[in-house]
Amino acid sequence: MDRDLLIISTICFLAAVVRTGVALRAGVFRPGRFTFLAIGLGFVFQTAFLSIRGHALGRCPLTNLFEVFIFLAWSVALIYMLVGPTYRLSLMGAFTAPLVVLLQGFALIAPIDVRHSVKMPANPALEFHASVSLVAYGAFALACIAGVMYLVQERQLKTHQLRSIFYHLPPLTDLFAAITRLLWWGFILYTIGIVSGFFTGRPLPRVQVVAAVGVWLLYAAILQGRYFRRIAPKRVAALCIIGFSVALTLLWGITFSAQTHSVQ
Amino acid sequence: MNLFCVGLSHHTANVETRERFAGGARAESTLREAGCAEALVLATCNRVEVYGASEKRVSTDEIAHCLLQNRELSDRGHSETLPFYRYEAEKCVQHLFRVASGLDSMVVGETEILGQTKKAYQSARTSGAVGPCLHRLFQRAFRVAKQVRTHTEITRGSVSVGSVAVDLAQKIFGELGNCSVLILGAGETSERTARVLISRGVTDLRVSNRSTDRAQELAQRVSGQAVRFDQWPQQCCEIDILITSTSSEAPLLTPANLGPVLAHRIDRPLFIIDIAVPRDVDPAVNEMEGVYLYDIDALRSVAEQSLAVRRQQIASAEAIIAEHVADFLEKISRELSRASRITGHPPVADSSRATQL
């Protein structure tokens, strides 16, 4: 039943992707209400899935890699719903939907929804640590998407080849401001997530700590470069993409190692 | 009621001819005296058209006569072939929808025509020259124009060099109110571009020219500030947009002399519009990070791309218009049938409904 909700949610996000693709091919790309509604509906089904799964588990649904991916996709959609209309980045939906489809599609296809034979006891501190960290990942994901948008826009301005999408993308300075804000949000949430990790009452595996601190340092370096105006905006945008790719890989590694550890 | 459109436009007549028939303040009332139950004159720099509804047919010559500005011209006008076109019923509806949507304009997709049409409609309505027939026709035309604009890319991009430059500036900086602009060379094109920038909110304008007097003159005209020519390289640290149009034979701006300037403004883009021939800026400057260089050819190319896209969109726009023309005629036809049932007159045959609205 809960997986059905997830499939419907993925279809909603896919509808936004298809609609954008068709509009791009026809050369009449424009961000409309449809994309926002499709993402909004997808978000509702995601939330329903997580809620049912949470009730079944009696805790925050972050017990395996499958749930982590879905929670991450949910965080991305959540941050988009908060940031998109605020910073007039409605077009971001066209870029957000493919990422969510990718995350959820992979989670649905890959055999990673491994249920634990023993019911794990609830640990509010651990759940807070995991959920805040994943929402931070959502902000980093959106910063990555804004980075892609920045590079697309920048490339078109440099090469003088202005395609349909050019007229619907926000100005470079607005995109850069959005990237900066998202990086700060993500960084603050991630810092809270890491610090709260030390108060979970459980010993933390060294690999996880090193990986988490590594990601934190990476984003701290990007923000420091931005703050002291040592890194050009284009590089900040590129670093957001690299940073999120690294963070996602490490998240996978952390969750996978934690899962293996708990199975053993 | 016969619905018709008589007019001349940039397609059929030169500007001298259009001026002669531009119609006066009394044109609409003269047309009504000539037998038009309803009349509306749409006079712009590219067209003079009369939209009318009448019980009996009003000839094109009579309408042309009403449009002539004075008797002297009127006498001369009768001895020559007038370049007027005439559309009736369905063709008239279709023509108005095309005009309002900018498909019949000199620059396809321009939006100014819609404003001009609305103004002409308001003026005719105020003077009582517009009745229910033209009212419905024009209201539908405004709806069609809006739909065409929303559902196609017919108005996308700019098609003049000055507007393209300003659009690009907005795509880089967003609001232009906080941007500083340096005009290098007091040429006519740079002045025009600067004026478009001012109209979009730019307030900080600096002008530099080899001749200080000319720099001061232009600075006064655009409410800017004159800068000595030997000081312009230092200004590049502070400005956001540089417009160059000097007559220098060698490039003034190269990667070598711009590099140190960029080091001080790593997080701020620099938009350079080089409209000089020969060019003032080395094309290699465009390869530098944070610099967006557009010379006159690049700006023209962007304008042409926009125009090409607009032309591609004509078919989609025509489809929307055709749909509305059919729907509009069907509604009018239904109303005529209903009216004939109420009054007891025999219903009008389908074939003649199209010509008799």
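The values are calculated or read from the model by the stated rules, or taken from the named source; none is laboratory data. All values reported here derive from a predicted model rather than from experimental measurement. So basically every Cβ, Gly included, is an ideal-geometry build from the backbone, and we count neighbours across all protein chains shown. Surface accessibility is based on the protein's heavy atoms, side chains included, excluding ligands, DNA and RNA. Shrake-Rupley method; radii C 1.70, N 1.55, O 1.52, S 1.80 Å.
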Can you give the mean number of other chain Cβ atoms that lie within 10 Å of the Cβ atoms in peptide B:261-269? 4
Taking a quarter of the surface of the convex hull around the Cα atoms of the range B:41-187, what do you get in nm²? 13.7 nm²
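Roughly how large is the B-A contact in terms of buried accessible area, totalled over both chains, probe 1.4 Å, nearest 100 Å²?
Buried: approximately 2400 Å² between A and B.
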Under a 1.4 Å probe, counting only protein heavy atoms, B:SER160 has an accessible area in Å², nearest 10, of 50 Å²
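Ordering A:TYR167, A:TYR227, A:TYR219 by accessible area with a probe of 1.4 Å, largest first, what comes out?
From most exposed to least exposed: A:TYR227, A:TYR167, A:TYR219.
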Once the dipole of chain A is set up with Lys and Arg at +1 and Asp and Glu at -1 on Cβ about the Cα centre, which of A:GLY54, A:ILE8, A:THR249 lies farthest towards its positive end? A:THR249
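Which whole number gives the average count of other chain Cβ atoms within 10 Å of the Cβ atoms across peptide B:309-319?
Going residue by residue through B:309-319 and averaging, the value is 1.
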As a test question: what accessible area, to the nearest 10 Å², does B:HIS264 have when a 1.4 Å probe is rolled over all protein chains in place? 150 Å²
Solvent-accessible heavy-atom area per residue, rounded to whole Å², over the protein assembly as shown at 1.4 Å: 46 Å²
Could you pull out which residues in the range B:300-330 have an amide N less than 13 Å from a spot 7 Å beyond the Cα of B:ARG136, following the Cα-Cβ vector? B:327-330
Cα→Cβ-extended label distance, 7 Å offset, between A:ASN123 and A:TRP184, nm: 3.4 nm
Simple spin-label estimate for A:PHE106 and B:SER123 in nanometres, 7 Å along Cα-Cβ: 6.4 nm
Counting only C-alpha contacts under 8 Å and six or more residues apart, can you give the relative contact order of chain B as a whole percent? 16 percent
Accessible-area ranking of A:PHE187, A:PHE256, A:PHE34, largest first, probe 1.4 Å: A:PHE256, A:PHE34, A:PHE187
From the Cα gyration tensor of the range B:161-305, with a ≥ b ≥ c the square roots of its eigenvalues, which class applies: rounded if a/c is under 1.5, or else prolate if a/b is larger than b/c, or else oblate? rounded
Chain A - charge dipole about Cα centre, Lys and Arg +1 at Cβ, Asp and Glu -1, debye rounded to 20: 680 debye
List every residue whose amide H lies under 5 Å from the amide H of B:VAL227, counting only residues 5 or more places away in sequence or on a different chain, with H placed 1.01 Å from N in the peptide plane. B:VAL207, B:SER208, B:ASN209
Run the numbers on chain A and let me know its relative contact order in percent, using alpha-carbon pairs under 8 Å that are six or more apart. 21 percent
When every protein chain stays in place and a 1.4 Å probe is rolled, B:VAL50, A:VAL213 sorted by accessible area with the largest first are A:VAL213, B:VAL50
Checked the range B:98-142 with the C-alpha gyration tensor, a ≥ b ≥ c its square-rooted eigenvalues, rounded below a/c of 1.5, otherwise prolate if a/b is larger than b/c and oblate if not; verdict prolate
Relative to the Cα centre, what is the charge dipole magnitude of the range B:1-51, using +1 at the beta carbon of each Lys and Arg, -1 at the beta carbon of each Asp and Glu, and rounding to the nearest 20 debye? 60 debye
So how exposed is B:VAL107, as accessible area in Å² (1.4 Å probe, rounded to 10)? 60 Å²
Roughly how many whole Å is it from the C-alpha centroid of the range A:136-182 to that of the range B:109-179? 29 Å
Using a 10 Å cut-off around each Cβ of peptide A:169-177, what is the average number of partner chain Cβ atoms that fall inside? 4
Most positive-pole-ward Cα, A:THR96, B:ILE198, B:THR244, against dipole of the protein assembly as shown from beta carbon charges: A:THR96
For each cysteine in chain B, check whether another cysteine's C-beta sits under 4.7 Å from its C-beta; list those where none does. B:CYS36, B:CYS45, B:CYS66, B:CYS133, B:CYS179, B:CYS236, B:CYS237
Spacing of the two label points (7 Å from each Cα toward its C-beta) at B:THR150 and A:ARG230, in nm: 5.1 nm
